[in-house]
1. Kindly provide the set of residues from the stretch 258-290 that are basic (Lys, Arg) and under 18 Å from Asn178 (Cα atoms), ordered by number.
2. Please go through the stretch 92-149 and pick out each residue that is of a type in the set (Asp, Glu) and closer than 22 Å to Leu41 by Cβ.
3. Quick one: which of Tyr151, Tyr161, Tyr121 is among the aromatic types (Phe, Trp, Tyr), closer than 21 Å to Ile19 by Cβ and surrounded by fewer than 24 Cβ atoms within 10 Å (Cβ to Cβ)?
4. List, please: which pairs have Cβ atoms under 8 Å, are six or more places apart or on different chains, and start with a residue in the stretch 7-27 that is on the phi > 0 side of the Ramachandran plot and end with one that is assigned to a helix (DSSP H, G or I)?
5. If you go through the stretch 35-74 one residue at a time, how many are more than 15 Å from the ligand (Cβ to nearest atom) and modelled with pLDDT of 95 or more?
6. Among the listed residues Arg322, Arg266, which satisfies the condition of being surrounded by fewer than 20 Cβ atoms within 10 Å (Cβ to Cβ) and part of a loop (DSSP other than H, G, I, E, B)?
7. Any idea which of (1) within 11 Å of the ligand (Cβ to nearest atom); (2) among the charged types (D, E, K, R); (3) over 18 Å from Ala82 (Cβ atoms) is the one Glu184 doesn't satisfy?
8. Can we say Ser127 is under 16 Å from Cys174 (Cβ atoms) and either open to solvent by less than 50 Å² (accessible area, probe 1.4 Å) or in contact with a helix residue (DSSP H, G or I) (Cβ under 7 Å, 6 or more places away or on another chain) (or both)?
Amino acid sequence: MTRSLQTEAFVVTGGAGAIGSRLVRRLLDGGAKHVVVVDDLTSGYRWLVPDDVRVEFRQQDVAELASSGPRLDSATVFHLAAFFANQNSVDHPLEDLHTNGQGTLAALLWARANQAGAFVYASAGCSIAGHGVDAPIREDMPVSLHLDTPYQITKALGEFYCNYFQASLTTVRCRFFNSYGPGEVPGAYRNVIPNFIWRALRDEPLIITGTGDETRDFIYVDDLAEGLVRAATSPAASGLAINLGTGIQTRILDLARMVIETCGSRSEIRFAERRAWDKSTHRQADISLAGKTLGFQPTVSVSEGVRRTVAWFRENFEQIERETAVRQGLGVGA
Ligand SMILES: NC(=O)c1ccc[n+]([C@@H]2O[C@H](COP(=O)([O-])OP(=O)(O)OC[C@H]3O[C@@H](n4cnc5c(N)ncnc54)[C@H](O)[C@@H]3O)[C@@H](O)[C@H]2O)c1
């Protein structure tokens, strides 16, 4: 049994971000009557938030939610606001702890005080399993005690807080694998796909930090948003950790070639040293629990997803160019 989207109000923290803004879109398309976006625009953009009378935008630090959050009875809360991601946290560990640690605790306290119907937490597959897990990652694998970036540590901390609140609040911990798609503006701390596309559209070299044989499980952002909605509306998901990926690995070198071909680019591929914290060679989600509990099945292949993402980049080229000029630097991974 699922709960209806049309009867509830929703809060999306981080709703001006890459995934949050697409989730807001999905909620509106599903008939949501009221969607409150809480975002301080650290890495999000106001123009990504859908322009719709049902959306209320609050520019606010999530860490303030416990003391000055809006009053909202029985809303479903999607907590996506985060200091993103590994490299950023290595460079700015205090900011990481503020948003991912204190911010998540504040969001949970606020959700409980407002009798939230459900609290869906954006966790990260990489943050739980740790390094050197080459087999498909299942939710029942032990949480690694060797997490070694501030981001991995604080994303796991958020899960522990969800466990603590589960006695008095319905929580679901969704473990995302690598998301990509329309809405992700490239930048030094952003993921590989938007940075590859941005460079390819400008015929600049695509830089792989590693050998190119590394693999990741890339999930198209709208598939991920669908999984989140299902997690929030499926009572069977309460209290669970659920992987949201595709179960398919893509080699980074194949991805680079695909992007170059899709963009019709003259870019060459270059290789650089792997970053010190990046110790995972392969990443693949086991998504059988999501299939069984949520009826979740991703629908967009990587080649189709890259095609749609390139189309979004072309449509928004000038806006993206302005944003990347402001927030400079184009690495290849989070
Ligand atoms: N993108 C991925 O591949 C991926 C993988 C695993 C997990 N996740 C998780 O998914 C969530 C969304 O990721 P994303 O890719 O959309 O990142 P994003 O950076 O685009 O979105 C995060 C949003 O949170 C906002 N934010 C940051 N600090 C804030 C604060 N203190 N108060 C209020 N808002 C704040 C940012 O402005 C931004 O809009 C994050 O929790 C991230 O950890 C993402």
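The values are calculated or read from the model by the stated rules, or taken from the named source; none is laboratory data. None of the values given here were measured: they were computed from a predicted structure. Note that we place each Cβ from the backbone using ideal geometry, even for glycine, and neighbour counts take in every protein chain shown. All accessible areas refer to the heavy atoms of the entire protein, side chains included, with ligands and DNA or RNA removed. Shrake-Rupley method; radii C 1.70, N 1.55, O 1.52, S 1.80 Å.
1. Arg274, Arg275, Lys279, Arg283
2. Glu95, Asp96
3. Result of the check over Tyr151, Tyr161, Tyr121: Tyr161.
4. Gly14/Gly20; Gly14/Val62
5. Residues flagged as more than 15 Å from the ligand (Cβ to nearest atom) and modelled with pLDDT of 95 or more within the stretch 35-74 amount to 4.
6. Details: Arg322 fails: part of a loop (DSSP other than H, G, I, E, B).
Matching residue, one of Arg322, Arg266: Arg266.
7. Failing condition for Glu184: (3).
8. So Ser127 fits the description; yes.
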